Structures are given as structure tokens and as C-alpha cells.
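Visitor: The following block contains the structure, expressed as C-alpha cells.
What follows is calculated from the coordinates using simple rules that are stated; it is not laboratory data. Note that the structure is a prediction, hence the values are computed from the model and not measured. As a convention, Cβ positions derive from the backbone with ideal geometry for all residues, glycine included, and neighbour counts pool all protein chains shown.
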Amino acid sequence: MATTGERRSARRDRTKKRRRITFLGVFGELSITAGALIFLFLFWQLWFNDIVVRAEQNSAAESLSESFIEAAQEGPATEPTEPADPAAPPIGQTAGDAERFGVLTIPRFGDDYQAEIAGGITRARTLNTIGIGHYLTTQAPGEVGNFAVAGHRTTYGKPLNQIANLRVGDAIVVQTAEGWYTYRFRTLEYVTPSAADVLNPVPQADGVEATDRLITLTSCSPMYSAAERIIAYGVFESFTPITDPAPASLELPEGDG
Amino acid sequence: MYGALWRALPGPVWVRLLLVLVLVAAVVFALFTWVFPLVQELVPVPDVTVEE
């Protein structure tokens, strides 16, 4: 039978053993910490931050949309460019690098989905910070030719995350200071990253005179990869002046969901 | 390392647990707010544009 003294000294030994900090012990704990941090970062980048940034982009786009309407009520600040053909829509005003000029609404992407459109396609100045970027060399909304824009499909608020969910006939609405340009989604395409001809006035055709008004959305494909690009084309359907009530194309048709 | 931290915390077990939770929350907040946005710039993100 152990005496009280022996038991006490045994406990002291155990405590001493537990308290010793070894190099291997610290290294192990640091490794576990590093692993946990990597998972935490992935959780933040692929889920948490997208929700936060998506909400910010939605509300920023909403206030830009409202500012267009308010500016129009106070009187036209900029005369819309008069089209040669009176039946044609006015040509939307685009803007230079990193300047916001429009709002993209795609009802298929969700009830409150909206994204700001700015000039240029740099990641640092437009895609990562604002949302949708306009290829500066392409045409303007409502103009005969191709209004081409790019956006992230994953991370940074992923404005084009659901691009592959578009169904033929879905509305793609671009609002500028002039009004709403409703395009209808027509087709998806997967191309190599160097297929810059999707931006042509007539996509993938060289030296052909354009007669249609098109919109082209580009994003990465497959998701999380830079191997290919996913391209969505839409065809212009109608123009709603900014002074008119917002068009019905901003909502999904009833029973469609 | 973490064992030493646990022993450095004062009070009974439930107070220490509370303190650990507060510390972890503070670290996560700092990471989410300041560190991860900087790290994100360094992590490659797929290109979304076409170009020649």
C-alpha cells in the first residue's frame, strides 16, 4: 500500500511530465493550427465572403439603379445619343476603366440579384472590386453589335456563378442612365481562353457586318478552373426608357422557378 | 503550447472556457476582417476573360 507521500510524488511526476514543452509538441500543435487556418480560409473564401460581398454588390447595384431613375426625374442630364433609325433604341452610355455605368439584372439568378457594370475587365479595378466588367473594345447596350461583359463565377461575390443555369428565353436586363435594355438568353458555349472572337460584333465571325444587337457574358469554366471559358449569348428584345415604369422582364414569369 | 495557454488562464474551468471562446472569436474576426482579404489577393483565381 502506497503512503501518502509516495502518491503525492507520483502526482508531481505526472504533472511535471505534462507540463514539459517539447519541440515536437509545439511543432505538432502549430501544424494542426496551420491546417485549421487553411480550412478556415477556404470556408471564408468560398462561402462566407461570397455571401457578404454578394449582398454588398446587390445593394450597391440597387442604389445605382435608383440613382438613374432619380436623375431622370430631375431632368435629363445627358442627351441620349439619337439613333439613325427612329425605331432603334438609344445607345446606352458606357464608361471608361473602373467607372460604373450600368446595372445587370438576371431574374434567373435570384430575386434580389443585381450587379454593377463598370468599364474594363481588369481584376484589380473592376472584376474583384465592382462586379461585372465591360470589354471596352465591344459595343454599348442597345448598339448594333455585341455588348460583351465578364464576371467571376466563383469568389469575389461570384456575380456570374449561376451562368450555366440560364434557360433559353431568360431575361438579361442591362439598365443604364437611358433605361432598361432587355436581352433574351439564347445559347451557352464553351471555348478556349484565347477565343477572343466571341467578342466580335458578330461572335466568331470576322469581317461580317453586324445586324443584331447581342449581349455576351464570359466567365471561367469549369468552376474553380481557368482551363476554359463559358460564354452566354443573348439577343436584344426591347428597350424601356428610364422615365417609364420598370419592365416586367426584371421579374421571373409567374410559375417559373 | 496550448496546454500552457490553458494553464495561464485564470479562474475555474467554465471561466477559462469562456475566455478561450472569446479569444478564438477575436482571432477569427481578425482573420476574416484583415488577414483573409490580403491572402485572397495572393491566391490565384480563375480568369474569366477571353483574350488573345
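Visitor: Provide, in order from the shortest bin, the percent of all Cα-Cα pairs of chain A in each 10 Å bin, continuing until the bin that contains the maximum pair distance.
Guide: The calculated distribution, bin by bin, is 7, 26, 29, 14, 6, 5, 5, 4, 3, 1, 0.
Visitor: Considering only A:S238, A:S65, A:S31, give the residue with the highest GNM mean-square fluctuation for chain A, with springs between Cα atoms whenever their separation is below 10 Å.
Guide: Looking only at A:S238, A:S65, A:S31, the biggest GNM fluctuation is shown by A:S31.
Visitor: Could you list, bin by bin from short to long, the percent of Cα-Cα pairs of region A:123-249 in 5 Å steps?
Guide: 2, 11, 20, 23, 22, 14, 6, 2, 0
Visitor: Please build a GNM for chain B, connecting alpha carbons under 10 Å apart, and tell me which residue among B:L42, B:L23, B:L31 fluctuates the most.
Guide: B:L42
Visitor: Take the eigenvalues of the Cα gyration tensor for region A:82-142, scale each by 5, and report the square roots as semi-axes in whole Å, largest first.
Guide: Numbers: eigenvalues 104, 59, 11 Å².
Semi-axes (√(5λ), whole Å): 23, 17, 8.
Visitor: How are the Cα pair distances of chain B distributed, in percent, across 5 Å bins from 0?
Guide: P(r) for chain B, in whole percents per bin: 4, 16, 15, 14, 11, 10, 9, 6, 5, 4, 3, 2, 1, 0.
Visitor: Could you work out which residue, out of B:V39, B:V20, B:V28, moves most in a Gaussian network model of chain B, that is, has the largest mean-square fluctuation with Cα springs under 10 Å?
Guide: Taking springs between Cα atoms under 10 Å, the residue moving most is B:V39.
Visitor: Here is a further query. Around A:Y181, under 9 Å between beta carbons, what's the net of Lys plus Arg minus Asp minus Glu among the other residues?
Guide: The answer is -1.
Visitor: I would also like to ask the following. Please find the FRET efficiency linking A:E99 to B:V13, where r is the Cβ-Cβ separation and R0 is fixed at 45 Å, and quote it to the nearest 0.05.
Guide: 0.20
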